[in-house]
Each structure stands twice: as structure tokens, then as C-alpha cells.
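Comments concern the structure below.
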Amino acid sequence: MSTVYLVRHGQAGTRDAYDSLSELGERQARLLGAHFISQGIRFASVCAGALARQQQTAEQIRAAFADAGVGFPTVSVEPGWDEFDLGRVYREIAPLLAAQDPEFLHEYDEMREQVRVSQGAHGARIHRRWMPCDTKVVEAWLAGRYPYSGETWDQFRERVVACRLKMLDARHENILVVTSATLLAIWTGLSLDISDERIMRLAGAVYNASYTILRLRKQQLRLFTFNAVPHLAALGLCTHR
């Protein structure tokens, strides 16, 4: 039986440059590494998705271990842990949805105007909130309502579930995985046997740089801790986006 620590990346960049950590995101990840050290948690293996924000989070955790003089495995890159491509979903599905749903078109245009006005300021609320148009475009992708040349929800979910197979040889080991909110929610959902709709609700609740602990035995998952952030207790450290 292996213990899997699933970590969501730290706070990311703005909507137009999301795949990188903000300064706060780097701090969140470094604090998580220090927390693991303080709790005596050590890892036999570490992997992260191929996205920059995931890699940067893993690097900040590694740096915390290095600063404390504690060993840390080489981080392996596993694209199977990548988040679905929200930017591509928007590019391909949003125009089709907007042509049929005037309310979505209004919400989408309003969101883009707020992004423009923000001038890339990391602290602007538009970069830290999940908007109604975000929910609608993701729900359209999840339901397969429009033509889409990228990864479908079913394909994405199958990819994420298949990551279990790469861990089956581990025995009584702590495994650290740095990934994103939807993947973390899918694995949590597998342990609870819940529907896709509820999986997306879980994803919306996941804090940046939080950790979830599951135990894996013969492809069966058991949930022990979800969305933990004891290392982010100070005011202003907990974020969702």
C-alpha cells in the first residue's frame, strides 16, 4: 500500500498568463515544503505534471527541503498529471456557445473587459474569481455539446485515472504528486465513488498549495485527508485561483 500526497499548484498568474506561479504562489509552495519537513514527512518518489505552474510548485517544495538539509527525490515529469486545457476550451467552444446563448456572450465580454482594465495586475479580482462564463463553457465541454478538437472530458478523465497504474509497484512508500485542482478532485471522487458533477464541485473547493492524502492498494483508493492547508494559516495565504 502506498500513501499518495496530491498537491495542487500554488496560486497561478493572471488569466492571460495563467501557467506560472505568482509571488504568493511561490510562497505557498515553499511553506508547504516546510510543513512536510516539520511533520517528518519524507517521500520515496516525486512527480509533477508538465505544466509550468506544477513544475514551479514542485521546485519550491524541493527548495524548502534543500534549505533544511533534508533529502528530496528527483522530480519526474508526468504529463498525465496535466490539467485540461481551459484556454483551448475557451477558444473553440466559447464562440459556438456565444452564438446560441446571449447571456453567455454578455458575461464573456464583461469578463474580457475586466481583464483588459486590470492591465495584468495579479491582485485584480477578475484573475482570482471563477466567473459564470467559466462555469458555462466548462459545463459545455464536459457535456460534449459542441465540436471540439482537443481532449474530451471522458478522455481527460481516463488519462487521469490511468495514472494509478504507474504507482502499483510502490510498496509502503510516500509518493508526492504535484498537479492541479480537477485531477485532484477526480482522484478524490474515485475514492468516494461520486458523479462527475460532484467531482467538479470538489475541484472548485480546492485551495492552492493544498494537499490531499489517499492510500492506494491494488488500484483501490481510500481518502484520508482532503484539501489540507495547515501551513497557510496566516491571513491572506489561502487562495483558490
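The values are calculated or read from the model by the stated rules, or taken from the named source; none is laboratory data. Note that the structure is predicted; figures quoted are calculated from it, not measured. All Cβ positions, even for glycine, are placed from backbone atoms using ideal geometry, and neighbour counts span all protein chains on display. Please note that ligands, DNA and RNA were not included when accessible areas were found on the heavy atoms of the full protein model with its side chains. Shrake-Rupley method; radii C 1.70, N 1.55, O 1.52, S 1.80 Å.
Key figures
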| quantity | calculated |
| --- | --- |
| Test: residue in region 151-165 that is within 24 Å of residue 236 (Cα to Cα) and open to solvent by less than 90 Å² (accessible area, probe 1.4 Å) | no |
| Residues that are of a type outside the set (Asp, Glu), assigned to a loop (DSSP other than H, G, I, E, B) and open to solvent by 20 Å² or more (accessible area, probe 1.4 Å), drawn from region 12-23 | 18, 20 |
| Test: residue 221 is outside any loop (DSSP other than H, G, I, E, B) and at pLDDT 95 or above | no |
| Any hit, region 175-195, residues being exposed (fewer than 12 other Cβ atoms within 10 Å of the Cβ) and more than 30 Å from residue 38 (Cα to Cα) | yes |
| Any chance residue 37 is surrounded by fewer than 17 Cβ atoms within 10 Å (Cβ to Cβ), under 21 Å from residue 224 (Cα atoms) and of a type outside the set (Ser, Thr, Tyr) | no |
